[in-house]
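The values are calculated or read from the model by the stated rules, or taken from the named source; none is laboratory data. Quick caveat, the model's predicted, so the values are computed rather than measured. Every residue, glycine among them, receives a Cβ derived from its backbone with ideal geometry; neighbour counts consider all protein chains shown. Heads up: the accessible areas ignore ligands, DNA and RNA and are worked out on the full protein's heavy atoms, side chains in. Shrake-Rupley method; radii C 1.70, N 1.55, O 1.52, S 1.80 Å.
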Amino acid sequence: MRTHSYTVTTRTRTSTFASIAAACLVIVAIVLPVFADRGLIQDLFFIFTMLVLAQFWNLLAGYGGLVSVGQQAFVGFGAYMVFGAAILWGWNPIAALLLSGVGSLLIAIPTAFFAFRLQGAYFAIGTWVVAEVVRLLVAQWQAVGGGTGTSLPRDARAAMWGVDWVQSTFDVRASAALDILAYWLALALVVATIGGIYWLLRTKRGLALAAVRDNMEAAKSVGVDAARMKWAVFLIAAFGTGIAGGLIFLQNGRISPDSAFSVIDWTAFVIFIVVIGGIGTIEGPIIGVLVFFALQTLFADYGSWYLIALGLLGIIIMLFAPRGLWGLISDKSGIQLFPIRRRLSGGKIAGQNDTSREE
């Protein structure tokens, strides 16, 4: 009796090539400060941090079905944790980045208790209300500047781990050394974020997450713990968003409640990036953040025209490419750089070739 032997795989030839290309790009990015000027390093830092925020919002909304407009709560609180730890407790700001993620995680727990009792648009508005409450509470924290904000002390910036080494190695000023260090941290964060999310989506928990997003009741009927999946994805997104927020304002060197909890900068722009790039895909936010940066650069000197251009592009994309730019590219070419669809391959029988079929 002949038996069939199948293996489950998600990898394709295109994704293998993309993995090699990505590894080469990361290596180039690591050594880039040797050749690049400070302006390019700052631009790439912006792209990397916005990409991290977009990937976590995409995980939350695109894969978990939880459309939040209150992610600025975690950006702002994570940033304030860095400043509070450095100013009040004498922590090294680099070490305080982990505290920024933990602090945002702790804020996310009561937020989830409240928000998960709401559905749809009410959930979105509920998360925004929570973010505003957090902003108002932080504005009363006089030790870190209250409503006007504060700057990171010079001694804290000077004592930051790695700054002296970068300064002596690249023969640059302390401010430029901080930019290079922040750039490397942002690069590490974006690689860890994309790699971690891709790994999660390829596991059984990733399948469960997609089932909860598509039909919660159907997912429950096959044994998926929908509540646990929603909690997990919400807390993961809060933790990563908090670290990104801490890193953004660590590089900036100054913080205030209005800038740290800006719904436009840390939620509206992030949603725009994900929507025009392609929600529910890892590739989408990558495309979206590049388009966003290009538009920001082109229209930087035109004031409100910049926002008008973003709005018009968003409308056009939603009308003619509802799945975003990457969805349009993928539909036309069939390319998937981060495939998560499982395929059965193998089943070889004597005299026959291997067969392969998708789920």
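Some notes on this structure:
- With the simple model of a label 7 Å out from the Cα in the direction of the Cβ, Gln296 to Ala174 spans 2.7 nm.
- Charge dipole of the chain about the Cα centre (unit charges at C-beta), most positive-ward option of Ala176, Thr150, Trp231: Trp231
- For the chain, the 222 nm mean residue ellipticity estimated from helices alone, with every DSSP H stretch of n ≥ 4 adding -39500 (n - 2.57) and the total spread over all residues, rounds to -22000 deg cm²/dmol.
- Relative contact order computed over the chain (Cα-Cα under 8 Å; 6+ residues apart), in percent: 30
- Relative contact order for segment 99-225, counting Cα pairs under 8 Å that sit 6 or more residues apart, in percent: 8
- Amide hydrogen proximity for Trp141: with H placed 1.01 Å from N in the peptide plane, the residues at 5 or more positions away or on another chain lying under 5 Å are Gly146.
- Modelled spin labels at Ile264 and Gln140, positioned 7 Å past Cα toward Cβ, are 2.8 nm from each other.
- Among the protein heavy atoms, those of Asp155 account for about 110 Å² of accessible surface (1.4 Å probe, every chain in place).
- Between the Cα long axis of helix 204-214 and the first principal axis of the chain there is an angle of about 90°, rounded to the nearest 10.
- Solvent-accessible ranking of Glu283, Glu132, Glu217, largest area first, probe 1.4 Å: Glu217, Glu132, Glu283
- One decimal place: the segment Ser151-Ile335 gains 61.6 nm when fully extended, by the rule 0.36 nm per residue minus the C-alpha distance.
- Counting only protein heavy atoms and a 1.4 Å probe, segment 175-333 has 46 square angstrom of accessible area per residue.
- Measuring nothing but protein heavy atoms, the accessible surface of segment 166-285 at 1.4 Å probe radius is 60 percent carbon and sulfur.
- Carbon and sulfur %, accessible surface of segment 59-100 computed with the full protein complex present, 1.4 Å: 72
- Per-peptide average of other Cβ atoms within 10 Å, ordering 219-227, 273-281 highest first: 273-281, 219-227
- Label-zone membership for segment 181-196, site Ala36, 7 angstrom Cα→C-beta point, backbone N under 14 Å: 181-191
- 3J(HN,Hα) along segment 114-121, derived from phi through the Karplus expression 6.51 cos²θ - 1.76 cosθ + 1.60 where θ = phi - 60°, amounts to 7, 5, 6, 8, 10, 10, x, 4 Hz, with x in place of Gly and Pro.
- Charge dipole magnitude, Cβ of K and R +1, D and E -1 - segment 69-218, Cα centre, debye nearest 20: 280
- With R₀ fixed at 25 Å, the C-beta to C-beta distance from Trp165 to Trp89 puts the FRET efficiency at about 0.55.
- Glu217/Ile315 FRET efficiency (R0 22 Å; Cβ-Cβ; nearest 0.05): 0.10
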